[in-house]
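Some notes on the structure that comes next.
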Amino acid sequence: MNTNTHSPASDDFVKMVEVGPRDGLQDEPRLVQLKIKLDLIQRLVESGLKVVEATSFVSPKWIPQLADADELFPLLEQRDDVSYPVLVPNVRGLERALSVNVKAIAVFTAASEAFNQRNINCSIDDSLARIEAVMGMAREHGLWVRGYISCVLGCPYQKDVPVSEVVRVARRLHEIGCDEISLGDTIGVGTPAKARAMIKAVASEVPIARLGAHFHDTYGQAMANLLTCLEEGVRVIDASVAGLGGCPYAKGATGNVATEDVVYMLHGLGLNTGIDLEKLALVGQHISDLLDRRNQSRAGSAIVKARMS
């Protein structure tokens, strides 16, 4: 596979995967203009982020907010030190992505049968078969691939999700050839003890260096859960600037953990991210103002207020 992974180079470096332009904006109720998306991505890169998930090649019928993927990607500033992964649901999505010369993709499934049926209308095993077909084509083109697993700490439909099922799906994605596996607490119901047990179980089957944490903050537990994962050796964290994105399964709840909050914690722990936190905070406030939404990052908001005082 492609070696363009931007993997952590040392134990004190944490790779931040910025998902705001894709996972965050896809939930915005009003259509976000292409120029705003491009400007957001550029500002995120200028703050020091090296991995920015740019968009999704899912059918525009399902996610109208990202219908401009084919137009957006060719307009991104291509840099050797920056990766722009895109989400692809199937071979057709990958064909669209390849037509605009993507270098990194993300595929997705869940550890919950109920969620997979509701979300993509197929079983876990059927979704893994789809991913395997995508992986075959991705290998031919030398792409870097990350695999998302939703509902690793709970499901809105079946509630509890067995850790053994999370391990099974992660192991299979690793066997298929995913370079990185992102473990998602999609509805943000996890607590530190559960997060630690899940990470330890998955890491017994998949190298910890290949694992990332993608935690939502619905119940205010994301930061505590991330800390336990860091203590277990995780060095890849997904987050969304200004906490962009909601949680469609919990009305009115916050969704993605804010990148600024995570970076503030990491720097406080003496860990390196390569990110200029003040610049990032300004990006978060800028996009929040443009979208007329409240900045969900507490660290970002505090930094901006202190700068203005």
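Any read-out appearing in this document is the output of simple, stated calculations on the displayed coordinates, not a laboratory observation. The model shown is predicted, which means the values in this text are computed figures rather than measured ones. Virtual Cβ from ideal backbone geometry, glycine too; neighbours counted across all protein chains shown.
Here are the numbers for this structure:
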| item | result |
| --- | --- |
| Label-point separation, Phe13 to Leu31 (7 Å along Cα→Cβ), nm | 4.1 |
| Ellipsoid equivalent to the stretch 44-106 - semi-axes via the Cα gyration tensor, in Å | 20, 12, 10 |
| Pairwise FRET efficiency - Lys103 versus Arg171, Cβ, R0 = 25 Å, nearest 0.05 | 0.45 |
| Qualifying lysines (Cα of each under 16 Å from Cα of Lys305; at least 8 residues distant if same chain) | Lys279 |
| Segment Arg298-Val91, extension gain: residue separation times 0.36 nm, minus the distance between their alpha carbons | 70.6 nm |
| Convex hull volume per residue in cubic angstrom - Cα atoms of the stretch 130-195 | 89 |
| Fraction of the pair-distance distribution of the stretch 1-115 above 22 Å, Cα-Cα pairs, percent | 34 |
| As computed over the chain, the Cα convex hull volume per residue (Å³) | 117 |
| Pair Glu205, Ala114: separation of 7 Å Cα→Cβ label points (nm) | 2.1 |
| Gain upon complete extension [Leu290, Arg139; 0.36 nm per residue less C-alpha separation] | 50.4 nm |
| Helix-only mean residue ellipticity at 222 nm for the chain, each DSSP H run of n ≥ 4 adding -39500 (n - 2.57), per residue, nearest 500 | -12000 deg cm²/dmol |
| Kirkwood Rh and Cα Rg combined as Rg over Rh, evaluated for the stretch 174-296 | 0.98 |
| Beta bridge orientation in the stretch 15-308: antiparallel %, DSSP, nearest 5 | 10 |
